[in-house]
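Quick notes on the structure that follows.
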Ligand code: C2O
Ligand code: CU
């Protein structure tokens, strides 16, 4: 897909109410009576909501909610979701990060047409506890469907959770761009080049809410924005990283003050008010991701007010779990990200490429053997950062290389999305355990749509 170059439209932002207590994302109710089976309907349809006081905004929503309802299950459970498409476009549900068969993963080659339904059914293997999400993936419409509101959290709980005594909070961060009269704005040139960023960063669908933390809390944070790099901080207060996309780390990483969460990544952190009580904020600190063209300088964003209050302090165990190494790599693959300009129909087009190619639904780009560990080298020759995502499995980052200097990953973690900074190479170990076709792509959804996606065949 290509897009014409045009001038970025200037949008005056409406005023959004803010300062309400953060609400939890509503849970999807389980319709099944059977143990270890989670069964429900998810309808994707236009709905009305009110972001600007007194003005209706038409969104596209799962079961009428933005974000969509949280699916919460346990490892070992079987999940059966009936997607009902009441949108004017084809859609799918992609289960971002879950280790499930490709036929159940909402690939762009399996669209559900307007007015149609599809049942997704899969079983979550032992060890798959983690923080995931679900969103549409019909290729031509992915970015639009997500920015209109289709995205929702998915949690797989562990049977034995070493942090089960710590109260939890979910923060799904999304991005909102409105026209002055409160409608969802379309993408302009700048959005297509750099990925869409709106005027508002939302948490659980709320603008600048207030979070009250009494003592110790475990936060799961989703970056469900199309393109916003969240260099998270609590304004200098300390927090502990305990989990990434695919669940808990081996050991907690303590005393962090900032942590970069690129688009589509998730983390679990422990926030402990003890000894650092007071009023702070959850910020996205400035981060230079190398945006192109004439855009405003990066600035600090105040996402939510956070009141750290004295309360019961709960210790974090020294060891969270054991993460096996993926073993020796039997094959290697190289993936080079680049950007290019082209002229078509007398217009300048921007292309985002993998190994010099633009995505083709009917082309296999990489072939891998089932159950075999591979070393992938993801090389970013482009002028901006790109968050790399691969479907169907969790991988381990081995090292990053910059200007010839190799830095080993500071800890072993399960990831399905990793940021590849411009000029940087990231090496990962990866193994696919289901045969079939898998997508790999930049998770800046506009880049994915403009070509930065490829197909891996596993056999
Ligand atoms: Cu969350 Cu292929 O995407
Ligand atoms: Cu990208």
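Could you please let me know if residue 309 is at pLDDT 95 or above and buried (at least 19 other Cβ atoms within 10 Å of the Cβ)? So residue 309 does not fit the description; no.
Going through 439, 449 one at a time, which residue ends up being farther than 25 Å from residue 269 by Cα, within 13 Å of ligand 1 (Cβ to nearest atom), surrounded by 21 or more Cβ atoms within 10 Å (Cβ to Cβ) and modelled with pLDDT of 95 or more? Working first, answer last.
On the way: 449 fails: modelled with pLDDT of 95 or more.
Going through 439, 449 in turn, just one is farther than 25 Å from residue 269 by Cα, within 13 Å of ligand 1 (Cβ to nearest atom), surrounded by 21 or more Cβ atoms within 10 Å (Cβ to Cβ) and modelled with pLDDT of 95 or more: 439.
Looking at residue 318, is it surrounded by fewer than 19 Cβ atoms within 10 Å (Cβ to Cβ) and under 27 Å from residue 163 (Cβ atoms)? Full working, then the answer.
Details: surrounded by fewer than 19 Cβ atoms within 10 Å (Cβ to Cβ): yes; under 27 Å from residue 163 (Cβ atoms): yes.
In short, yes.
The number of residues in segment 406-423 being more than 11 Å from ligand 1 (Cβ to nearest atom) and buried (at least 18 other Cβ atoms within 10 Å of the Cβ) comes to 7. Looking for something under 30 Å from residue 162 (Cα atoms), away from ligand 2 (no atom under 16 Å from the Cβ) and outside any strand (DSSP E or B) - is there at least one such residue anywhere in segment 353-361? Scanning segment 353-361, I find no residue that is under 30 Å from residue 162 (Cα atoms), away from ligand 2 (no atom under 16 Å from the Cβ) and outside any strand (DSSP E or B), so the answer is no. Apart from one condition, residue 287 fits all of (1) over 18 Å from residue 167 (Cβ atoms); (2) under 24 Å from the mean Cα position of the chain (by Cα); (3) not in a loop (DSSP other than H, G, I, E, B); the exception is (3). Across segment 123-154, the number of residues qualifying as within 16 Å of ligand 1 (Cβ to nearest atom) and assigned to a strand (DSSP E or B) comes to 9. Inspect all residues belonging to segment 355-370 and state whether any of them is within 16 Å of ligand 1 (Cβ to nearest atom), touching a residue at least 60 places away in the same chain (Cβ under 8 Å) and under 12 Å from residue 430 (Cβ atoms). Yes - at least one qualifying residue is present in segment 355-370. Pairing each residue of segment 86-109 that is free of Cβ contacts under 8 Å to residues at least 24 places away in the same chain with any residue that is surrounded by 22 or more Cβ atoms within 10 Å (Cβ to Cβ), provided the two are 6+ apart or on different chains, yields C-beta distances under 7 Å for 104/120.
For segment 345-360, which positions are touching a strand residue (DSSP E or B) at 6+ places or on another chain (Cβ under 9 Å) and modelled with pLDDT under 80? Explain how you work it out, then say what you get.
Kept after step one, since they are touching a strand residue (DSSP E or B) at 6+ places or on another chain (Cβ under 9 Å), are these residues of segment 345-360: 345, 347-360.
Within segment 345-360, 345, 347, 348, 349 qualify.
Any residue in segment 394-404 that is within 19 Å of residue 368 (Cβ to Cβ), touching a strand residue (DSSP E or B) at 6+ places or on another chain (Cβ under 6 Å) and within 16 Å of ligand 1 (Cβ to nearest atom)?
As a first pass, look at segment 394-404 and keep what is within 19 Å of residue 368 (Cβ to Cβ): 394-398.
So of that shortlist, the ones also touching a strand residue (DSSP E or B) at 6+ places or on another chain (Cβ under 6 Å) come out as 395-398.
Among the residues that remain, those that are also within 16 Å of ligand 1 (Cβ to nearest atom) are: 395.
Yes, that holds for at least one residue.
For segment 422-439, check the following and say yes or no: at least one residue is outside the structural domain of residue 289 (by TED's automatic domain parsing), within 16 Å of ligand 2 (Cβ to nearest atom) and touching a residue at least 60 places away in the same chain (Cβ under 8 Å). Yes: one or more hits. Do we have residue 234 as within 16 Å of residue 171 (Cβ to Cβ) and in contact (Cβ under 8 Å) with a residue 40 or more places away in the chain here? When the stated conditions are applied, residue 234 passes them.
The values are calculated or read from the model by the stated rules, or taken from the named source; none is laboratory data. Just so it is clear, the structure is predicted and the values come from calculations on it, not from any experiment. All Cβ positions, even for glycine, are placed from backbone atoms using ideal geometry, and neighbour counts span all protein chains on display.
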